[in-house]
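S.K.: Questions regarding the structure given below will be posed in turn.
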Amino acid sequence: MNKVITQRIQSIDMLRGLVILIMLLDHVRERFFLHMQVSDPMDVTATDPALFFSRFAAHFCAPIFVFLTGLSAWLYAHPANGIPRSASRFLVKRGLFLIALEFTLITFSWMGSYHTVWLQVIWVIGLSMLVLAALLHLPSRWQLLIGLLLVFGHNALTPIDFTPEEWGYSLWTILHDRNILLQTDSLTIKISYPALPWFGVILLGYYAGPLYAAKQTPQLRKRILLVAGAASLLLLLLLRGANIYGETLPWQLQDTVVQSVMSFLNFTKYPPSLHFLLVTLSTMCFMLCWMERWQNAFSRILLVFGSVPMFFYILHLYALLLLYSIAIAVFGANHGTLYGVADISTIWLISILLAALLYWPTLWFSRYKHTHKNPWLSYL
C-alpha cells in the first residue's frame, strides 16, 4: 500500500515538475524574445513554426497547475492515514497568500516596479482556491456539474460585453474579459487571466481526487484517466474539426501542412476556450498515466522541481529579472527599448542552462522543506 501511495504522489509531482520547466521556457521567451510578441490566438501566417510550438507548449502549464491544485486540495482533505480534515481553511489561507504574492513579489519580478500590476496565473489560482473553499461542502455531483458547466459553457458568454462606464465592467473583467481593471496616474491593474473557466478546472481537479485515494487501485485509476483523456480528445477533434463550438477563431486549411496544423491548434488562452482546455487536460490525463510507471534519472529531476513549485516560481522570475538587467547593462537595448536574442533556439538554450543552474537551490530547498516541519514552508 505504501508503495502505491508513493508512486501516486510522485506521478503528480513529476507532471508538475515538467510543466514548471515548460513554464520556464515561456518566461525566458517573454524576457528575451518579447520583440517577437505573439497574439492570442496567434497569427499562424506571421508566426514562425518554432515560435508557435514553443508558445503552444506553454498552454499546458496553467490548466495543469489549476487542476492539480484542486486535486491536491482533495488529497489534503483525505490524507493517507484515513482521518478526514477540512480543506476550507487551508484553501482560504493559501488562496489569499497567492493573491498577495501576485500583487507584491511577483509583480515586482516582472516589471521591476509597481506602476503596472498584471494579475496572472498565481492570481487566478489563488482566486480559484477561494471559490473552491466556498463550494467544498456541496455534494460531489454538484461540484462536477458546476465544473463541467463552467468549462463547457463559458464560451457561450463571449458575446456579453461591458464598456468601462457600465456597472458590470469590473466584475466581468475579473470573470471573463481580459481588460484593465483599474487605471490611475500612479497605478494600472490589468487582468491577464479571467477567472470563470478556471473555477471550473479547479472543481474538476477536486472531483478527480478520489482517483488518488489510498484504497484506489492503480489499474482502475489509469483506466479512468485514459477514458477521460480519450473522450476529451475525441470531443475536441469533433468540435474543432467541424468548427462547431468552443473556440472564437475557426481553423482553416493553409498553404502548407505545418501551417494547417498550427491553425487547428491555435486556441484562445485568455480566457481559455473549451478547445484549449480539452487539448491540455486530455494530454494531462495521458501524462499522469504514463508517469506512474516512469522511473529514470529525468523523472527524479522532475520530482525535485515539482516538489517545491512556488519556491521555483519566485526563484526563476527573479533570476530572469537579474539576467535581463545584466543584458541591458552590458549590451543595451537592441529592439527599441527591449533587449532580445535573434532566434528562438537561443531561448531554448537559455532555458536549459537556467534550469540546470536553478536545479541546485531547488534541490536544497526541497530537502530543507521535507526535513523541517515549519508551517510556513508548506506555502512554498
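S.K.: Would you check which residues across the range 107-122 are under 15 Å from the mean Cα position of the chain (by Cα) and assigned to a helix (DSSP H, G or I) and list them?
M.R.: 121, 122, listed by residue number.
S.K.: Quick one: count up the residues across the range 212-244 that are in contact (Cβ under 8 Å) with a residue 60 or more places away in the chain and either under 18 Å from residue 201 (Cβ atoms) or open to solvent by 80 Å² or more (accessible area, probe 1.4 Å) (or both).
M.R.: The qualifying residues number 4.
S.K.: Taking the options 164, 159, name whichever one is assigned to a loop (DSSP other than H, G, I, E, B) and touching a strand residue (DSSP E or B) at 6+ places or on another chain (Cβ under 9 Å).
M.R.: Going through 164, 159 in turn, just one is assigned to a loop (DSSP other than H, G, I, E, B) and touching a strand residue (DSSP E or B) at 6+ places or on another chain (Cβ under 9 Å): 164.
S.K.: Of all residues in the range 352-380, how many are touching a residue at least 12 places away in the same chain (Cβ under 8 Å) and not in a helix (DSSP H, G or I)?
M.R.: 1
S.K.: Follow-up. Output the qualifying pairs, or none if there are none: Cβ atoms under 7 angstrom, residues six or more apart or on different chains, first residue in the range 326-351 and on the phi < 0 side of the Ramachandran plot, second residue part of a helix (DSSP H, G or I) and open to solvent by 90 Å² or more (accessible area, probe 1.4 Å).
M.R.: Matching pairs, first to second residue: 339/331.
S.K.: Identify, please: which residue in the range 26-56 is closer than 21 Å to residue 275 by Cβ and assigned to a helix (DSSP H, G or I) and is, among those, most open to solvent (accessible area, probe 1.4 Å)?
M.R.: It comes out as 53.
S.K.: Which of the residues belonging to the range 8-32 are in contact with a Cys (Cβ under 8 Å, 6 or more places away or on another chain) and of a type outside the set (A, V, I, L, M, F, W, C)?
M.R.: Within the range 8-32, just 26 meets the criteria.
S.K.: Still on this structure: Looking at the range 360-376, which of its residues are surrounded by 15 or more Cβ atoms within 10 Å (Cβ to Cβ) and not basic (Lys, Arg)?
M.R.: If the condition is that a residue be surrounded by 15 or more Cβ atoms within 10 Å (Cβ to Cβ) and not basic (Lys, Arg), then 362, 363, 365, 366 are the ones that fit.
S.K.: Here is a follow-up. Name the single residue, out of those in the range 178-213 being within 23 Å of residue 145 (Cα to Cα) and either in a loop (DSSP other than H, G, I, E, B) or of a type in the set (D, E, K, R) (or both), that is modelled with the lowest pLDDT.
M.R.: Per the stated criteria, the residue is 213.
S.K.: Of the residues 307, 282, only one is under 20 Å from the mean Cα position of the chain (by Cα), small (Gly, Ala, Ser) and modelled with pLDDT under 95; which?
M.R.: Result of the check over 307, 282: 307.
S.K.: Could you run through the range 247-267 and say how many residues are more than 20 Å from residue 229 (Cα to Cα) and assigned to a loop (DSSP other than H, G, I, E, B)?
M.R.: Residues that pass the stated criteria total 9.
S.K.: Continuing with the same structure: Among the residues of the range 333-356, count how many are within 18 Å of residue 23 (Cβ to Cβ) and surrounded by 15 or more Cβ atoms within 10 Å (Cβ to Cβ).
M.R.: 7
S.K.: Can you pull out every residue in the range 154-182 that is surrounded by 15 or more Cβ atoms within 10 Å (Cβ to Cβ) and among the small types (Gly, Ala, Ser)?
M.R.: The answer is 170, and nothing else.
S.K.: Out of (1) surrounded by fewer than 12 Cβ atoms within 10 Å (Cβ to Cβ); (2) under 26 Å from the mean Cα position of the chain (by Cα), the odd one out for residue 329 is which?
M.R.: Just one mismatch for residue 329, condition (2).
S.K.: What single numbered condition from (1) surrounded by fewer than 19 Cβ atoms within 10 Å (Cβ to Cβ); (2) assigned to a helix (DSSP H, G or I) fails to hold for residue 84?
M.R.: All conditions pass for residue 84, except number (2).
S.K.: Would you check which residues across the range 285-304 are more than 19 Å from the chain's Cα centre (by Cα), open to solvent by 20 Å² or more (accessible area, probe 1.4 Å), of a type outside the set (D, E, K, R) and closer than 27 Å to residue 224 by Cβ and list them?
M.R.: Selection gives 290, 294, 295, 296, 298.
S.K.: Can you tell me which residues in the range 338-372 are of a type in the set (A, V, I, L, M, F, W, C) and more than 25 Å from residue 32 (Cβ to Cβ)?
M.R.: If the condition is that a residue be of a type in the set (A, V, I, L, M, F, W, C) and more than 25 Å from residue 32 (Cβ to Cβ), then 363, 364, 365 are the ones that fit.
The values are calculated or read from the model by the stated rules, or taken from the named source; none is laboratory data. Since the model is a prediction, treat every value here as computed from it, not as a measurement. Glycine gets a Cβ as well: all are built from the backbone with ideal geometry, and neighbour counts include every protein chain shown. When the accessible area is computed, the model is the full protein with side chains, heavy atoms only, and any ligands, DNA or RNA have been set aside. Shrake-Rupley method; radii C 1.70, N 1.55, O 1.52, S 1.80 Å.
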